[in-house]
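The values are calculated or read from the model by the stated rules, or taken from the named source; none is laboratory data. This is a predicted model, so every value here is computed, not measured. Backbone-built Cβ (ideal geometry, glycine too); neighbour counts: all protein chains shown.
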Amino acid sequence: MLKKAATVLLSLTLAACANLSAQGLFSHYSAAMAPTHTALEQGRYESAIKSLPTAPAGPILDGMEQGRTRFIAQQYPSSFSAFQGADIAVKEQQSKAIIQVSEGFNQAGAILTNDNMITYQPTDYELGFLHLYLALNYVQQHKLEGALVEVRRANMVQEAARKIREKELASAEKAVKKKGISDNIGAVLARYPDAGTTLSAVQNGYLFFLSGVLYEADGDLNGAYIDFKRALAVAPNNIYVAQTVLRLATRLQMRDDLQTLEARYGKYQKPAKNEGRVVIFDEQGVVAARDNWRLPLYLSDSRGQGAIYNLALPYYRNVTLPRLSPLKLGNNSLNSEQVANVNSMAQQSLSEGLPAIVVRQALRVLAKDEVRRTAAKNGDDVGNVLANIFNTLTEQPDTRSWQTLPAAINIYQDDVKAGTQTLSWNGQQLDVEVKAGRTTMVWVSRQGNQVSWWSVLLGAN
């Protein structure tokens, strides 16, 4: 029985090696993405595109990385194409529920190599951003209808993804009880670097506020009001979100809401007739990349021979958000306020998935040690050593995540005199067309000393 088990385990190991790239087998995603991540942080957009690794994580993540990088490099057609490709891949993944035979094989291979063998499934916040950037592509093309389709899809896709994740977590908990390793899992989690949990780390205020702006531009004031209120729940101290909710509550005569809103934020002041509204979305920096955290674990057998295993887990280092000088509209410095912290979203998402990751780590250690024990059973010291080396080299963390997203997003809005306004930053300028009674949306992305931006005049208010 032991020989048969060893044969099966070793066969799966070889199969895993054949189906996993060298980058995934002996390294991890963040290492491959490091040149691109650094280039983006420094605002070297063209270099970031050139350094993107070739398909290390499959069509979904690769498409999202390509799409976001090309979008801030102002390569809009290729950005749109990359995001559409990722969207198609997501649809295929969800419709097939991942082909069971294929994914079962990958799961088995992961038990003897690492989690990079498992098919990548985007997290809720990443799916939200996928549709957000598809929407931004449509807005940049002056196609409001297409943008509205994407913001509607965002909530639907995130809900579906949440259900899938809940199913995975339940399966992981079942495996823990069956193997009797719950105490070991708890010991690992007790030493793991912690991540916070707040509403703003789960909900995307950027998506909610953008959705509200687009609904309002389309004349759907009720739909806009709902999403603006969601944004306010995420960012209750953001004065621009509060002013927007106050404005629509006043216009829609939401008397019950107005009483509460006015008590906290004051009354809404109507703009002059010759003014138009300017809404600025200011993306800043680059989201943190997952890092590599290792915990050594020694296992011995009855012969006194043993091995040290490294539990390799992804985690996020504590990072500070970029401190950028304010944008200027005309001669006025803009005091924008944060509506979304993507670093917090990424940390929260990993924290939620961590128990399942640790379960797989524990099961992998048991499986790898069984291979080593079998190799050493008949005094095969060479096999024992080789098994130890293989186990050490292949234990790599799954650091796959969307690493070209911004670190945070601020918003600013104001009613300004109609005409051509000049937005400026760091010696660069953008002409912004403003019309009375209309909304002009401005998208800005800043990394290092560089800026990428555009503006679009939206529908009547």
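Side notes on the structure shown:
- Figure legend. Inter-residue proximity from segment 355-369: first residues of a type in the set (Asp, Glu), second residues not in a helix (DSSP H, G or I), beta-carbon distance below 6 Å, spacing 6+ or different chains. Indicated pairs: Asp369/Leu299.
- All told, Ala73 falls short of being within 24 Å of Asn292 (Cβ to Cβ), in contact with a helix residue (DSSP H, G or I) (Cβ under 6 Å, 6 or more places away or on another chain), modelled with pLDDT of 95 or more and hydrophobic (A, V, I, L, M, F, W, C).
- Of all residue pairs spaced 6 or more apart or on separate chains, those with beta-carbon atoms under 9 Å, a first member in segment 52-79 that is without any contact (Cβ under 8 Å) to a residue 12 or more places away in the chain and a second member that is in a helix (DSSP H, G or I) and surrounded by 20 or more Cβ atoms within 10 Å (Cβ to Cβ) are Thr54/Asp62; Ala55/Asp62; Pro77/Arg70.
- Unique residue being modelled with pLDDT of 95 or more, buried (at least 20 other Cβ atoms within 10 Å of the Cβ) and closer than 28 Å to Leu130 by Cβ when the list is Gln396, Gln413: Gln413
- Selection within segment 317-329: residues that are over 17 Å from Arg290 (Cα atoms) and hydrophobic (A, V, I, L, M, F, W, C). The member of this set that is farthest from the chain's Cα centre (by Cα) is Leu329.
- Candidate set: segment 26-56, residues that are among the hydrophobic types (A, V, I, L, M, F, W, C) and out of contact with any helix residue (DSSP H, G or I) (no Cβ under 6 Å at 6 or more places or on another chain); chosen: the one modelled with the lowest pLDDT: Ala31
- In segment 320-334 there is at least one residue matching the filter, namely being surrounded by fewer than 20 Cβ atoms within 10 Å (Cβ to Cβ), in contact with a helix residue (DSSP H, G or I) (Cβ under 8 Å, 6 or more places away or on another chain) and in contact (Cβ under 8 Å) with a residue 12 or more places away in the chain.
- Counting only helices (runs of 4 or more DSSP H) that sit completely within segment 208-316, those holding 2 or more residues that are at pLDDT 90 or above, more than 28 Å from the chain's Cα centre (by Cα) and surrounded by 15 or more Cβ atoms within 10 Å (Cβ to Cβ) correspond to 239-251, 255-265.
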